Amino acid sequence: MSGAAAQHRGGGQGGQGKGGDPYRLGHGGGHGHGEATGRGDGGPASKRITTGYGFWIFLLSDIIMFSGFFAAYAVLRGETAGGPGGAELFELPRVAIETGLLLLSSFTCGLGAVATERRNLAWTQIWLLVTGLLGFIFLVLEVQEFAQMIGEGAGPARSAFLSAFFALVGCHGLHVGVGILWCGTMMAQLWSRGFLPAIQRRLMCFNLFWHALDIIWVALFTIVYLMGAGR
Amino acid sequence: MSEGKLERGERGERHDSAPGDEAASGQEFGGGVTGYVVGLLLALALTAGSFYMVSTDLVWGPAIPAALIVLAVAQMGIHLVFFLHITTGPDNTNNVLALAFGVLIVLLVVFGSMWIMDHLSHQLMPMGEMMKRMR
């Protein structure tokens, strides 16, 4: 029995091997040859891994784009042109609520990923819904803040500081908006087609996207709000 | 070959990990629901620390920005490990290298811009002075 099992593993044929791929080139190599370590051993990675990796690269380039906005904000934060600065404009209680909402949505998004891994459709949908709703409340608060600032005459046209502020925070808000749309799309796809491999990959990418948004928000509330509102 | 290893192997496609891949990190430290709970608690604590930092007189004023940045970097690390499942394991080499490159570019863009623009504004004449000389 154990000999047969060894043959089974070493040869890579039989139940787990895909037809026409006796050496399991497309499946991370044979089990007898050790594990592929990301250094080119063991043949091409599976589609799930290449998709996740590709999306990770996209997220990193998205973060690099954000770094441009952060750099602009850091350079222009003092250029208020006689207008209001961060200390007068920012309301930390609202920012704290926004931060809590986004952090909590990141958490529920992760719980959704766990439910997906357990192939539990109901809980995946519930956690996706909660994630989307939390994101939506976050967005409402942010739009409120923007409207209030513009109403006070502190719109993006007021000073270079405010242009940089609205560009940076607005860009993050735009990402959250896109994320909410994506969340709804994923719920609809799950509803109509269930846990297909392609949909699982998209869910993984959505989770990555949502967590990355939260990471950007950490930099944002620290550098823009907390440092800007400093005494 | 241990049974555990066989188990992981037999589910297929477990040799490299995609970032955020629940299946790959489910059994590891920082995986599963426990990982998310731990991550949430740590992130909450760091966030609370950041907000407390600006509202209290406990910390010496000029040290606050540095402390805030330390807390933010720590929280980003928490997010990366517990939410995105970026670890230092061999199955994560690609992800970590991509991340390291991204961080390099981000630091170059942000600090490079601040450095250059700071020098520029030091060497530019103040606007009022320029107006005076142009008359």
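Exactly one residue among A:VAL224, A:VAL140, A:VAL178, A:VAL169 is buried (at least 22 other Cβ atoms within 10 Å of the Cβ), among the hydrophobic types (A, V, I, L, M, F, W, C) and in the same structural domain as A:GLU88 (by TED's automatic domain parsing), and that residue is A:VAL224. Does B:THR87 satisfy being out of contact with any His (no Cβ under 6 Å at 6 or more places or on another chain) and touching a residue at least 60 places away in the same chain (Cβ under 8 Å)? Answer is yes for this residue.
Test A:SER163 against the stated conditions and say whether it is free of Cβ contacts under 8 Å to residues at least 24 places away in the same chain and in a helix (DSSP H, G or I).
In short, no.
Suppose the filter is assigned to a loop (DSSP other than H, G, I, E, B) and more than 9 Å from every other protein chain (Cβ to nearest Cβ); does A:THR124 pass it? When the stated conditions are applied, A:THR124 does not pass them. When B:HIS119, B:HIS85 are screened for being of a type outside the set (Phe, Trp, Tyr) and on the phi > 0 side of the Ramachandran plot, only B:HIS85 passes. Of all the listed residues (B:PHE83, B:PHE101, B:PHE51), the sole one being farther than 16 Å from A:HIS211 by Cβ, within 8 Å of another protein chain (Cβ to nearest Cβ), surrounded by 14 or more Cβ atoms within 10 Å (Cβ to Cβ) and of a type in the set (Phe, Trp, Tyr) is B:PHE51.
Tallying residues that are out of contact with any Cys (no Cβ under 6 Å at 6 or more places or on another chain) and more than 7 Å from chain B (Cβ to nearest Cβ) within segment A:206-230 yields 12.
Among the residues of segment A:8-31, is there at least one that is over 29 Å from B:GLU22 (Cβ atoms), assigned to a helix (DSSP H, G or I), out of contact with any Leu (no Cβ under 7 Å at 6 or more places or on another chain) and modelled with pLDDT under 50? Yes, because at least one residue in segment A:8-31 is over 29 Å from B:GLU22 (Cβ atoms), assigned to a helix (DSSP H, G or I), out of contact with any Leu (no Cβ under 7 Å at 6 or more places or on another chain) and modelled with pLDDT under 50. Here the helices (runs of 4 or more DSSP H) wholly within segment B:31-135 that include at least 3 residues being within 17 Å of the chain's Cα centre (by Cα) are B:32-55, B:64-78, B:93-123.
Of the residues screened, A:SER163 is not one that is among the hydroxyl-bearing types (Ser, Thr, Tyr), touching a Ser or Thr at 6+ places or on another chain (Cβ under 8 Å) and over 24 Å from A:ARG48 (Cβ atoms).
Yes/no per residue for (1) assigned to a loop (DSSP other than H, G, I, E, B); (2) at pLDDT 90 or above; (3) not assigned by TED's automatic domain parsing to the domain that holds A:PRO197:
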position: A:ASP41; (1), (2), (3): yes, no, yes
position: A:TYR53; (1), (2), (3): no, yes, no
position: A:TRP56; (1), (2), (3): no, yes, no
position: A:SER67; (1), (2), (3): no, yes, no
position: A:ALA81; (1), (2), (3): yes, no, no
position: A:LEU111; (1), (2), (3): no, yes, no
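The values are calculated or read from the model by the stated rules, or taken from the named source; none is laboratory data. Everything numeric in this text was worked out from a predicted model, so none of it was measured. Note: ideal-geometry Cβ built from the backbone for every residue, glycine included; neighbour counts use all protein chains shown.
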